[in-house]
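The values are calculated or read from the model by the stated rules, or taken from the named source; none is laboratory data. None of the values given here were measured: they were computed from a predicted structure. With ideal geometry, Cβ positions are generated from the backbone for all residues, glycine too; neighbour counts draw on all protein chains shown. For accessibility, only protein heavy atoms count, side chains too; no ligands or nucleic acids. Shrake-Rupley method; radii C 1.70, N 1.55, O 1.52, S 1.80 Å.
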Amino acid sequence: MTSAHRPESVPRVQSDAVNQRARIVLLGATGSIGRQACDVIERHPDRFQLVGAVVGRDADGLTRLVHRFGIKQSAVVDPMSDAELPAGCTAGADAAADVAAMDADVVCVAITGAAALRPALAAVDAGRLVAVATKEVLVMAGDLVRRRAAAGGSRIVPVDSEHSAIWQCLRGEAAESVSRIVLTASGGPFLHRDLHDFAGITAEQALNHPTWRMGPKVTTDSATMMNKGLEVVEAHFLFEVPYSKIGVVIHPTSLVHSYVEFVDGATKAQLGVPDMRVPIALALADGHRLPEVGPPLELTAVPSLEFIPLDDRRFPAVGVARRAGERGGVAPAVLNAANEVAVQSFLGGSCRFDQIVPAVAAVVDEAPELPQPSLDDILAADAWARAAAADRLGRVVPV
Ligand code: MG
């Protein structure tokens, strides 16, 4: 596993690309990914320049960033009425899309949820390199994003650790050489819990993730493994691989970030200490490796690498997401919206943990067939799915 004996395997980096300073626009600049992206940008001033930023609500956080980086153009999607905006900052969804399409090289999309869709599409239409961290962009609109990227000359690169791993494993490989890509999953807090006991899982237990500290929605998705289901859909659109060739395996220590199996029997895996700055830096630098981004992985200190097959009875979410992906059209957008409502219901105490995925599956089953949906089709399906899921779970959830 060491690379010391094969230095020739290190990819040759083109020097002109290295010397260029990429102008970065960050969408979701004050969130977890956005903050880590700011650290990467600040630590590599010879490579990156932050020229634009968008935040959801945090005008104060944006003001600090504007001063820290000298940003000229920025936007707040939904500011509080009394918020003070920094110079050069505008407000609203259209303003966010304008910043996403401003003159730049790379647009990193890390704004939470469906609000990322319009600005992400604006960046795609402007022909930017788009580094996608927000799952909803490809889950809700993967087909649309792909079509518009092809038309606008834009490329999409992943920020999520699993997809970054697949991206790294696929470099230099022909598409026909790939037999399967496999996403690893930590398995969450209920990997070993008695299956008969899933009905009694409380929100508090679901939010107690063994390794990661994340927001309640993502942590619950990690407990049901719907997050991995959404990642399967993302992987399909990112790498243009059919669903039949996308696998999921549980790997509790999260050191192997994902792997690819090839037709000749070879397998390539990407390993590393879990640190999001590594995939963020790789995406911002369009695949070029920067020095000392994260800590090195000391393999001799790793006791063992455990892999466990996915149990569909324990974690039906991956199969539900895969079927929604295979149906295509608006089905993945419906999956995403119904899941958001079901998770909110669970966290609010009005639905059981083991009812989340069946409720989502039932709404997906009722989703309309709509091949090659427009953005309006997708947003309409999203609203319909939220209402349908709320109806099913007996609770009105605001859209
Ligand atoms: Mg992930």
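The single condition from (1) at pLDDT 95 or above; (2) at positive phi; (3) not acidic (Asp, Glu) that Gly188 fails is (1). Among the residues of the range 98-117, those identified as in contact with a helix residue (DSSP H, G or I) (Cβ under 7 Å, 6 or more places away or on another chain), assigned to a helix (DSSP H, G or I) and within 17 Å of Asp58 (Cα to Cα) are Gly113, Ala116. How many residues, within the range 332-355, are under 21 Å from the mean Cα position of the chain (by Cα) and buried (at least 24 other Cβ atoms within 10 Å of the Cβ)? Number satisfying all stated conditions: 11. Of all residues in the range 191-215, those being in a loop (DSSP other than H, G, I, E, B) and either at positive phi or open to solvent by 70 Å² or more (accessible area, probe 1.4 Å) (or both) number 8.
The single residue among Arg313, Arg386 that is touching a residue at least 40 places away in the same chain (Cβ under 8 Å), out of contact with any Asp or Glu (no Cβ under 8 Å at 6 or more places or on another chain) and of a type outside the set (S, T, N, Q) turns out to be Arg313. Contact map, the range 341-365: residues that are within 16 Å of Arg386 (Cα to Cα) paired with residues that are of a type in the set (A, V, I, L, M) and not in a helix (DSSP H, G or I), Cβ distance under 6 Å, separation 6+ or inter-chain. Pairs shown: Val341/Val397; Gln344/Val397; Ser345/Leu393; Cys351/Leu393; Ala359/Leu393.
What residue, among those in the range 155-177 that are more than 16 Å from the ligand (Cβ to nearest atom) and over 16 Å from Val107 (Cα atoms), is most open to solvent (accessible area, probe 1.4 Å)? Restricting to residues being more than 16 Å from the ligand (Cβ to nearest atom) and over 16 Å from Val107 (Cα atoms), the top hit is Glu176. If the condition is being in contact with a helix residue (DSSP H, G or I) (Cβ under 9 Å, 6 or more places away or on another chain) and more than 23 Å from Val109 (Cβ to Cβ), then the range 268-290 contributes Lys268, Ala269, Leu271. Report, ordered by the first and then the second residue, all pairs with beta carbons closer than 9 Å, sequence separation of six or more or different chains, a first member in the range 56-85 that is assigned to a helix (DSSP H, G or I), and a second member that is among the acidic types (Asp, Glu). So the pair list comes out as Ala59/Glu84; Asp60/Glu84; Thr63/Glu84; Arg68/Glu42; Phe69/Glu42. Pairs linking a residue in the range 35-50 that is assigned to a loop (DSSP other than H, G, I, E, B) to a residue that is open to solvent by less than 10 Å² (accessible area, probe 1.4 Å), with Cβ atoms under 7 Å and 6 or more positions apart or on different chains, are Arg47/Ala285. Within the range 135-154, is there a residue that is under 23 Å from Ile246 (Cα atoms), within 12 Å of the ligand (Cβ to nearest atom) and either in contact (Cβ under 8 Å) with a residue 40 or more places away in the chain or in a helix (DSSP H, G or I) (or both)? Yes - at least one qualifying residue is present in the range 135-154.
Checked against (1) away from the ligand (no atom under 16 Å from the Cβ); (2) closer than 27 Å to Leu310 by Cα; (3) in a strand (DSSP E or B); (4) touching a Leu at 6+ places or on another chain (Cβ under 9 Å), Arg180 passes all but condition (4).
A single entry from Arg23, Arg35, Arg43, Arg68 fulfils the requirement of being open to solvent by 20 Å² or more (accessible area, probe 1.4 Å) and within 16 Å of Leu129 (Cβ to Cβ): Arg23. Do the conditions hold for Ser74, that is, is it of a type in the set (Gly, Ala, Ser) and surrounded by fewer than 20 Cβ atoms within 10 Å (Cβ to Cβ)? Against the criterion (of a type in the set (Gly, Ala, Ser) and surrounded by fewer than 20 Cβ atoms within 10 Å (Cβ to Cβ)), Ser74 does not qualify. When the range 216-236 is filtered for residues that are surrounded by fewer than 21 Cβ atoms within 10 Å (Cβ to Cβ) and either of a type in the set (Ser, Thr, Tyr) or in contact (Cβ under 8 Å) with a residue 24 or more places away in the chain (or both), the ones remaining, listed by number, are Pro216, Lys217.
Exactly one residue out of Ala281, Ala185, Ala223 is within 23 Å of Ile156 (Cβ to Cβ) and within 16 Å of the ligand (Cβ to nearest atom): that is Ala185.
Residues in the range 244-273 that are surrounded by fewer than 17 Cβ atoms within 10 Å (Cβ to Cβ) and under 26 Å from Asn336 (Cβ atoms) were compared, and the one that is nearest to the ligand (Cβ to nearest atom) is Lys245. Of all residues in the range 227-237, none satisfies being away from the ligand (no atom under 14 Å from the Cβ) and either more than 27 Å from Asp125 (Cα to Cα) or polar (S, T, N, Q) (or both).
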